[in-house]
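The values are calculated or read from the model by the stated rules, or taken from the named source; none is laboratory data. Please read all numbers here as calculations on a predicted model, not as lab measurements. Positions of Cβ are backbone-derived with ideal geometry, glycine not excepted, and every protein chain shown enters the neighbour counts.
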Amino acid sequence: MNTECVAEIDGLRVEAGGRAIVDGVRLRVRPGTVTALVGASGSGKTTTGLALLGEYPAGARVTGRVRAPEGLVGYVPQHPGAVLNPVRRVGALLWDIARTQVRHLPRRERRQAARKRILHTLTEAQLPDGDALLRRFPHQLSGGQQQRVVLAQALLLGARVVVADEPTTGQDALTKRHVVERFAALRRAGIAVVLLSHDLDVVRELADDVLVLRAGRVVESGPAARLWSAPRHPWTAALLAAHGAAEPAGPDGGAGRAVLRTGPFTARHGRTAVLRAPALTLRTGDSLAVVGRSGSGKTTLARCLAGLHRDHDGTLQLDGTPLPRSLRARGRGQLAAVQYVFQDARAAFDEHRPVLDQVARTAVRLRGLDRGAALAEAVATLADLGLGEDLVRRPPDRLSGGELQRAALARALLARPRVLICDEITSGLDTVTRRGLLDTLTALRRERDELCLVLITHDLDTAALASRIVVLDGGEAVEEGATRDVLKHPQHPFTAALLGTTAEPAATSGRG
């Protein structure tokens, strides 16, 4: 291995299912640097990153050379919930690692030393209130908190290289700044970071070197500053142009008929209140954005509306009729009326069945279509979202995270919902695809008069699509109002802080 590199890839080609997922990729990773891989969903970023851990798709044919420090490459996945044991508390997950590192100590000192290591690592990973967090199960954490727990695991292991797959996906602007500072600190400590990201603000702030991938090939590489100032490949220029494009402004609120009403309610995890939500009314043609930091209660609110979190004391009404709190108690029409698109799309698909069949199944079960008609509608809807029939006839593990997010949206649309809840569905997409999906949501709202949108997002640019905004902080609604009013004239200091950090997502890179 090159003595200046802690890991390297040379001529990597990975073939699966008769096609090359990556082809001829070359990568040099130096200690104390951040190397970013950018590109559209399905371009090969994750496959390249996982190669450093020696992991490849099942049945893949691999050629080329990959060299990395054995056992010392940490991985922070895009969907961290998939790698956290759901039946073990966070403390137990971290204890398994920490106890192996204190065996040299006298037995009476080991527990206290391991606990000290764990709490220190949680602080490094931007997870305050470690004692309370250690008692929780993974499902009781937000996506951002899960991500930071996985980072803590990598830090506990003493990783010399950290592969971070979309580490700011689903993060609010304030938390994003902390994540960037955390990876900048890893760089200062001499740890190499391989950053797989669609977030070009974060790439620009952190990366020393950038590789631009398209269809499995590196189309451009070089120092980050040079790529931004003088991109040489048309695809690089297209990514940067889409990133700089203005987002659509929030439309005026609809004045249609009430579809979904809620009373004020408190939601709990066990005995702990995690959300105090205001009364909400969603009307035909309306759209509501729920914004706030990771862990603020955004997803809990969405899950209450969808019947996925029944531990709350509120009332729900659909078209003036009581809507059961539990999904299991809702009828077929009620299930179709309120559809949820999850942030972790991969976990929402059966890994053994083709994506197309799963999308079409929604129209069969909830609308009574025959299989042929459902498949035809599914193919057309998926195509509208940029997913060709050949691609969606594959199982989920053959699609990228961004492709699965779009497939999950198509599946929800086949139910012909009245209320469509979108939980961070643009957070794992490249700038070009993200822009297209935002345009799709805007068009849906205009074309389907009976549809209400609920956008759960950390991203105020995405929130600008909505007619109204609710801002959550620490489980409390701190501000609510028309989108234009809240974005232009925030009344609460927390909202103002979110707006301020959106303009500069990472004010301090820590670069010397």
Handout entry: Filter result (touching a strand residue (DSSP E or B) at 6+ places or on another chain (Cβ under 7 Å), of a type in the set (A, V, I, L, M, F, W, C) and in a loop (DSSP other than H, G, I, E, B)) within region 43-71
Key = 52, 53, 60, 68
Practice task
Quick one: which residue in 301, 316 is surrounded by 18 or more Cβ atoms within 10 Å (Cβ to Cβ) and over 26 Å from the mean Cα position of the chain (by Cα)?
Solution key: 316
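Which ones in region 325-346 are over 16 Å from residue 422 (Cβ atoms) and either surrounded by 14 or more Cβ atoms within 10 Å (Cβ to Cβ) or of a type in the set (A, V, I, L, M) (or both)?
Within region 325-346, 325, 327, 329, 330, 334, 335, 336, 346 meet the criteria.
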Handout entry: Selected residue (criterion: nearest to residue 214 (Cα to Cα)) from residues of region 26-37 that are in contact with a helix residue (DSSP H, G or I) (Cβ under 6 Å, 6 or more places away or on another chain) and buried (at least 24 other Cβ atoms within 10 Å of the Cβ)
Key = 37
Practice task
Working only within region 254-275, note down all residues that are crowded, with 17+ Cβ neighbours inside 10 Å and assigned to a loop (DSSP other than H, G, I, E, B).
Solution key: 254
Completion exercise
Filtering helices (runs of 4 or more DSSP H) wholly in region 324-414 for at least 1 residues that are closer than 24 Å to residue 306 by Cα and over 24 Å from the mean Cα position of the chain (by Cα) gives 332-337, 355-367, 371-384
Handout entry: Which numbered condition residue 127 misses (of (1) part of a loop (DSSP other than H, G, I, E, B); (2) within 30 Å of residue 402 (Cα to Cα); (3) in contact (Cβ under 8 Å) with a residue 60 or more places away in the chain)
Key = (3)
Problem - Sole residue being closer than 23 Å to residue 142 by Cβ and either modelled with pLDDT under 90 or loosely packed, with under 15 Cβ neighbours inside 10 Å (or both), chosen from 278, 322 - result: 278
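Of all residues being in a loop (DSSP other than H, G, I, E, B) and under 12 Å from residue 161 (Cα atoms) in region 1-42, which is modelled with the lowest pLDDT? Just the residue, please. Working first, answer last.
Initial filter on region 1-42 (in a loop (DSSP other than H, G, I, E, B)): 1-6, 17-18, 30-33, 40-42.
Now restrict to residues that are under 12 Å from residue 161 (Cα atoms): 5-6, 30-33.
Details: 5: 89, 6: 92, 30: 93, 31: 93, 32: 93, 33: 95.
Selected residue: 5.
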Handout entry: Yes/no for residue 434 being farther than 24 Å from residue 21 by Cα and crowded, with 18+ Cβ neighbours inside 10 Å
Key = no
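Pick from region 159-168 the residues that are in contact with a helix residue (DSSP H, G or I) (Cβ under 8 Å, 6 or more places away or on another chain) and part of a loop (DSSP other than H, G, I, E, B): which of them is modelled with the lowest pLDDT?
Taking the candidates together, the pick is 168.
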Problem - Total residues in region 454-471, condition out of contact with any Lys or Arg (no Cβ under 6 Å at 6 or more places or on another chain) and within 23 Å of residue 267 (Cα to Cα) - result: 8
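Select from region 164-208 the residues that are under 19 Å from residue 28 (Cβ atoms) and either among the hydroxyl-bearing types (Ser, Thr, Tyr) or touching a Pro at 6+ places or on another chain (Cβ under 6 Å) (or both) and list them in ascending order. So that I can check it myself, show each step before the final result.
Pass one, region 164-208, residues under 19 Å from residue 28 (Cβ atoms): 164, 183, 186-187, 190-197, 203, 206-208.
190, 192, 197, listed by residue number.
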Handout entry: Condition broken by residue 426, with the remaining ones in (1) buried (at least 22 other Cβ atoms within 10 Å of the Cβ); (2) in contact (Cβ under 8 Å) with a residue 40 or more places away in the chain satisfied
Key = (2)
Problem - Single condition residue 168 does not satisfy, out of (1) among the β-branched types (Val, Ile, Thr); (2) touching a residue at least 12 places away in the same chain (Cβ under 8 Å); (3) surrounded by fewer than 19 Cβ atoms within 10 Å (Cβ to Cβ) - result: (3)
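Inside region 437-494, counting only strands (runs of 3 or more DSSP E) that do not spill past its ends, which hold 2 or more residues that are small (Gly, Ala, Ser)?
Fully inside region 437-494 and qualifying: 476-482.
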Problem - Restricting region 418-436 to residues that are aliphatic (A, V, I, L, M) and part of a loop (DSSP other than H, G, I, E, B), the residue that is modelled with the lowest pLDDT - result: 429
Problem - Of the criteria (1) more than 26 Å from residue 167 (Cα to Cα); (2) touching a Gly at 6+ places or on another chain (Cβ under 9 Å); (3) without any contact (Cβ under 8 Å) to a residue 60 or more places away in the chain, which one residue 444 fails - result: (2)
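Listed here are the residues, each with its yes/no results for (1) surrounded by 15 or more Cβ atoms within 10 Å (Cβ to Cβ); (2) out of contact with any Lys or Arg (no Cβ under 8 Å at 6 or more places or on another chain).
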position: 4; (1), (2): no, no
position: 12; (1), (2): yes, no
position: 20; (1), (2): yes, no
position: 40; (1), (2): yes, no
position: 48; (1), (2): yes, yes
position: 53; (1), (2): yes, yes
position: 65; (1), (2): no, yes
position: 76; (1), (2): yes, yes
Fill in the blank from the handout: When region 24-38 is checked residue by residue, the ones that are touching a Lys or Arg at 6+ places or on another chain (Cβ under 7 Å) and farther than 21 Å from residue 198 by Cβ are 24, 32
Completion exercise
Among (1) touching a residue at least 24 places away in the same chain (Cβ under 8 Å); (2) over 29 Å from residue 210 (Cα atoms), residue 95 falls short only on (1)
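With the structure loaded, tell me whether residue 145 is of a type outside the set (Phe, Trp, Tyr), at pLDDT below 85 and either touching a Lys or Arg at 6+ places or on another chain (Cβ under 7 Å) or assigned to a loop (DSSP other than H, G, I, E, B) (or both) or whether it fails that test. It would help to see each step written out before you state the result.
Details: of a type outside the set (Phe, Trp, Tyr): yes; at pLDDT below 85: yes; either touching a Lys or Arg at 6+ places or on another chain (Cβ under 7 Å) or assigned to a loop (DSSP other than H, G, I, E, B) (or both): no.
Criteria not met by residue 145.
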Practice task
Kindly check whether there is at least one residue in region 237-250 that is more than 21 Å from residue 426 (Cβ to Cβ), modelled with pLDDT under 90 and either in a strand (DSSP E or B) or not basic (Lys, Arg) (or both).
Solution key: yes
Exercise for the section: Kindly indicate whether any position in region 34-46 is polar (S, T, N, Q) and over 30 Å from residue 437 (Cα atoms). Expected result: no
Fill in the blank from the handout: Residues of region 79-122 being part of a helix (DSSP H, G or I) and exposed (fewer than 12 other Cβ atoms within 10 Å of the Cβ), in sequence order, are 100, 107, 108, 109, 112
